[in-house]
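Here is the structure we will look at, set down as structure tokens.
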Amino acid sequence: MPFVPGVFRCCSSVAGSDRPSFDLCCILSLITSDERVLQISSGYAHHRTATTSRYKLKLATTCVTLRRGERLRLSIAGADYPAYAVNPGTGEDPVSTPRTHAVVTTIAVWHGPSRPSQLRLPVGPGSQIAIVGT
């Protein structure tokens, strides 16, 4: 299945946090038929509100073809250290805030009919798509 070049919309997800600010990092990986994991795209966003809301996170542009037996994996995390400074969860600036100010942050990402989270992938013409699992 060929994906056309473009922006992957990683999360159109409903998420929230128990702190004044939080980060979301999404990594899209290809799992090969022999179980190797290859990162194909990623995205990162710093959110300055803990409100339960719909958040959109764009993944870097890429182009990949999935072969029979290969799968996609979406990993969602609350940080991408050392690529980005750790969000202290206090609403303070992640770069200049002392690490001792950081607090444990719980992030919830919902799924299901009432609060759907999605991974949108632009696919090439004539592609056949089978969705397996939830």
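Residues in region 29-69 that are of a type outside the set (Lys, Arg), within 18 Å of Val123 (Cβ to Cβ) and in contact with a Gly (Cβ under 6 Å, 6 or more places away or on another chain): 1 in all.
Looking across region 29-58, the residues that are at pLDDT 85 or above, of a type in the set (Ser, Thr, Tyr) and surrounded by 11 or more Cβ atoms within 10 Å (Cβ to Cβ) come down to Ser29, Thr32, Ser41, Ser42, Tyr44. Taking (1) within 19 Å of Asp18 (Cα to Cα); (2) among the hydroxyl-bearing types (Ser, Thr, Tyr); (3) in a loop (DSSP other than H, G, I, E, B) in turn, Tyr55 satisfies each apart from (3). On inspection, Cys26 fails the criterion of being crowded, with 18+ Cβ neighbours inside 10 Å, of a type outside the set (Val, Ile, Thr), part of a strand (DSSP E or B) and at pLDDT below 85. Would you point out the residue of region 76-105, among those that are within 21 Å of Val37 (Cβ to Cβ) and outside any loop (DSSP other than H, G, I, E, B), that is nearest to the chain's Cα centre (by Cα)? The qualifying residue nearest to the chain's Cα centre (by Cα) is Ile76.
Say we look at region 63-75 and pick out the residues that are assigned to a strand (DSSP E or B) and either over 15 Å from the mean Cα position of the chain (by Cα) or crowded, with 17+ Cβ neighbours inside 10 Å (or both); which of these is modelled with the highest pLDDT? Per the criteria, the residue is Arg71.
The values are calculated or read from the model by the stated rules, or taken from the named source; none is laboratory data. These numbers were taken from a predicted model, which means no experiment stands behind them. Heads up, the Cβs are rebuilt from the backbone with ideal geometry, glycines too, and the neighbour counts pull from every protein chain shown.
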